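**Q** Dumping the structure here so I can ask a few things about it.
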Amino acid sequence: MAEGYLRAFAKGKALIYSAGIETHGLNPIAVAVMAADGIDIANHTANHIEEYQDIDFDFIITVCDHAQANCPFFPGHAKRFHQGFSDPAKAKGSDAMVLASFVKTRDEIKAYCQTFIKENLD
């Protein structure tokens, strides 16, 4: 979700990469809630962080505490940011409750990404 919003808000001012320390594929509920907000992530891929070891990043953003604690060292001058979000894929309850969890996390990520772009790229 963060990749989708960062790409949209950066409007070509930055190359956005998304990776994780584990790969699980796209969650169809995440794809649906992003589409409901006008962001198509259906063709995004779940890449492993090791695929990007040779890129000289300006920024590295972690969006969950597990990733922050386990994100590998990247040489260079990358400025690191962390903003932990709840993982809606771990939500329990009715379909409506799970969907609400995805929407809540999506909206939190959207707000964070808007602020990040304004403070770091504009």
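Nothing in this text is a laboratory measurement; each read-out follows from the coordinates by a stated rule. This one's a predicted model, so the numbers in the text were calculated from it and none came from an experiment. With ideal geometry, Cβ positions are generated from the backbone for all residues, glycine too; neighbour counts draw on all protein chains shown.
**Q** Please work out the Cα center distance from region 9-55 to region 73-122, rounded to the nearest Å.
**A** 12 Å
**Q** Additional query: Quick one: how many lysine pairs in the chain have C-alpha atoms under 19 angstrom apart, if they're 8 or more apart or on different chains?
**A** Counting lysine pairs in the chain gives 9.
**Q** I need the phi-derived Karplus couplings for region 104-118: 6.51 cos²θ - 1.76 cosθ + 1.60, θ = phi - 60°, integer Hz, Gly and Pro marked x.
**A** 4, 5, 4, 5, 5, 5, 4, 4, 4, 5, 4, 5, 4, 5, 4
**Q** Determine, at each q value in 0.20, 0.21 (inverse angstroms), the log₁₀ of I(q)/I(0) that the Debye formula gives when each Cα of the chain is one equal point scatterer.
**A** For the chain at q = 0.20, 0.21 Å⁻¹, log10 I(q)/I(0) is -1.28, -1.41.
**Q** Continuing with this model, one more query. Order these by the 10 Å Cβ neighbour count, fewest first: Phe102, Phe59.
**A** Ranking Phe102, Phe59 by Cβ neighbours within 10 Å, fewest first, gives Phe59, Phe102.
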